[in-house]
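Only one structure is covered here, and it is reproduced in the block below.
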């Protein structure tokens, strides 16, 4: 099977090197500081929407499925998700495999009052500053991509810039590292980022023990209320849903149905 994550990371490293030449860090820092005053509390919104908080995702394509909704309008979709009762948004900004962009994030955030997670493959401090400067409210840190010193550095910088950090794990060892970091938002990805195969049962087994200081997010492969109910019993209270919603002819109804049918 192809190693998707390695290929994506290699490309993102090239992209960031180019971005750093076009927009040096000294240009991003004032924008990042300016946006600090307008952050929307991502973790707080998930807590408010317990027991089932939906993070509705905006993505045009995926490496495993190809085009999902290449012509989607981020503004329209964000408004529909909010109308349906989503707690937060997740927006793909990776341009090659997921066909996303910072513009998608900007449009989605401007069209709703929901906090927005920048979902991308972040590996350096520049990207955290970049996320803050583009107006994200939260960032994704994928444990598999980062050694512990880098993970700690990016996590600390996100906190300093008032960005919530969703720390994603997909194995027992990665879950232990996320917990040791002290992350309050831990996402367990049912998708293996090497092969992109999905196993919801494995995700349920990986859930760390419940803690009042921690929000567990189930990510990938969620298509039905029964899956949310099963994962909720395993300790998850937030659920990131993408493909099911972007493919739906009525995203607002799709969000509403998932929430209402999944509530214990």
Of all residues making up the stretch 206-221, the number that are within 25 Å of residue 260 (Cα to Cα) and in contact (Cβ under 8 Å) with a residue 24 or more places away in the chain: 10
Close pairs (7 angstrom Cβ cut-off, 6 or more residues apart or separate chains): without any contact (Cβ under 8 Å) to a residue 60 or more places away in the chain in the stretch 172-185, buried (at least 16 other Cβ atoms within 10 Å of the Cβ) and part of a loop (DSSP other than H, G, I, E, B) anywhere: 175/208; 179/208
Is it the case, given these coordinates, that residue 153 is touching a residue at least 24 places away in the same chain (Cβ under 8 Å) and out of contact with any strand residue (DSSP E or B) (no Cβ under 8 Å at 6 or more places or on another chain)? yes
Wholly enclosed helices (runs of 4 or more DSSP H) of the stretch 1-99 bearing at least 2 residues touching a strand residue (DSSP E or B) at 6+ places or on another chain (Cβ under 8 Å): 42-48, 74-84
Read through the list (1) surrounded by fewer than 17 Cβ atoms within 10 Å (Cβ to Cβ); (2) within 20 Å of the chain's Cα centre (by Cα); (3) in a helix (DSSP H, G or I), then give the number of the only condition that residue 245 fails. (1)
Touching a residue at least 60 places away in the same chain (Cβ under 8 Å), surrounded by fewer than 16 Cβ atoms within 10 Å (Cβ to Cβ) and closer than 27 Å to residue 223 by Cα, is that true of residue 64? yes
In the stretch 100-123, anything touching a helix residue (DSSP H, G or I) at 6+ places or on another chain (Cβ under 8 Å), touching a residue at least 40 places away in the same chain (Cβ under 8 Å) and part of a loop (DSSP other than H, G, I, E, B) is listed as 113, 114, 115, 120, 121, 123
Of the residues in the stretch 222-236 that are in contact with a strand residue (DSSP E or B) (Cβ under 6 Å, 6 or more places away or on another chain) and buried (at least 19 other Cβ atoms within 10 Å of the Cβ), the one that is nearest to residue 60 (Cα to Cα) is 222
Given (1) crowded, with 16+ Cβ neighbours inside 10 Å; (2) at pLDDT 90 or above, residue 262 misses just (2)
Odd one out for residue 33 among (1) surrounded by fewer than 16 Cβ atoms within 10 Å (Cβ to Cβ); (2) under 21 Å from residue 258 (Cα atoms); (3) in contact with a helix residue (DSSP H, G or I) (Cβ under 9 Å, 6 or more places away or on another chain); (4) at pLDDT below 95: (2)
Within 18 Å of the chain's Cα centre (by Cα) and within 17 Å of residue 142 (Cα to Cα), is that true of residue 238? no
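The values are calculated or read from the model by the stated rules, or taken from the named source; none is laboratory data. Note that this is a predicted model, so its numbers are computed, not measured. Cβ atoms come from the backbone with ideal geometry, glycine included; neighbour counts cover every protein chain shown.
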